[in-house]
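Below is one structure, written out as structure tokens; comments come after it.
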Amino acid sequence: MTTVLQEERRRAGISLREFQKRSGIHFSRISRQERRREPLFPRDVQRYANALGVDGKRLVDETGYARISED
């Protein structure tokens, strides 16, 4: 199972450590959120969207967790 968050990060060629620098969120938290072990808080969604240059609505589902990729 891959999430849109993980898919977009990989598409951009960004490692977890680099994504940490760009988003200001610790890489272990990013990893947990990408694997749906922890919900995405609104501030996290905005930081991820800004770092990736995508619409934050694509990253999160209605439950508050990272959206599962349809690919």
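One table, with the values for the structure above:
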quantity: Other-chain or far-sequence residues with amide H under 5 Å of residue 60's (modelled H); calculated: 67
quantity: Summed side-chain charge close to residue 27 - residues other than residue 27 whose Cβ falls under 12 Å, Lys, Arg +1, Asp, Glu -1; calculated: +4
quantity: Sum of -39500 (n - 2.57) over DSSP H runs of 4+, divided by residues of the chain (222 nm, nearest 500); calculated: -14000 deg cm²/dmol
quantity: Check: the chain dipole with +1 on Lys, Arg Cβ and -1 on Asp, Glu Cβ, in debye; calculated: 360
quantity: Computed E for residue 15/residue 61 - FRET, C-beta separation, R0 22 angstrom, nearest 0.05; calculated: 0.35
quantity: Label-point gap, in nm, between residue 43 and residue 69 - each point 7 angstrom along Cα→Cβ; calculated: 2.9
quantity: Options (1) 17.2; (2) 14.1; (3) 11.6 - which one matches Kirkwood radius over Cα pairs in Å as calculated here; calculated: (3)
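Values in this text are rule-based calculations from the coordinates and carry no lab data. Please read all numbers here as calculations on a predicted model, not as lab measurements. Glycine gets a Cβ as well: all are built from the backbone with ideal geometry, and neighbour counts include every protein chain shown.
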